[in-house]
Amino acid sequence: MKRATAPRKTHEVSKSQLWAAQELRSFLTTAESHRLYALYWLAAYTGMRRGEIVALRWSDVDFEKKLIRVHRSVTLTDAGQVEVTAKSGKNVLLLSTIKLSQCFRLIG
């Protein structure tokens, strides 16, 4: 009989590593003119990982339905940049431009 594999230990984030809402607003206000502002905004309000944001293509964005489909992620290795397909197939992020606090992530 096979034994179950123990779950990996997750990296715990201390409260000192998290930004308060006002700190995030201040950062985004300061960064508005930065060329990577859209990436900062996506990371802050969608919970997307850095590799998922970097791997986005325009075809993944549906402005009419206000959603982003996450199909892939980019990882840097010793061999260079590697693009991998999302493990669960298709992740969908629903974006609300009116109430950002209502953004949520569906996985599956």
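The values are calculated or read from the model by the stated rules, or taken from the named source; none is laboratory data. Here the structure is a predicted model, which is why all the values come from computation and not from measurement. The protein model used for the area step is the full one, side chains on, heavy atoms only, and it has no ligands, DNA or RNA in it. Shrake-Rupley method; radii C 1.70, N 1.55, O 1.52, S 1.80 Å.
Odds and ends about this structure:
- Portion, in percent, of the accessible area of segment 14-86 that falls on carbon or sulfur, probe 1.4 Å: 54
- Solvent accessible area, Å² - GLU83, 1.4 Å probe, full protein context: 100
- Note on segment 13-75: Kirkwood hydrodynamic radius from all Cα pairs is 13.1 Å, rounded to one decimal.
- Compared with the direct C-alpha span, the chain from LEU76 to LEU24 gains 16.0 nm at full extension, assuming 0.36 nm per residue.
- Computed lengthening from GLN17 to HIS34, 0.36 nm per intervening residue step minus Cα-Cα distance: 3.9 nm
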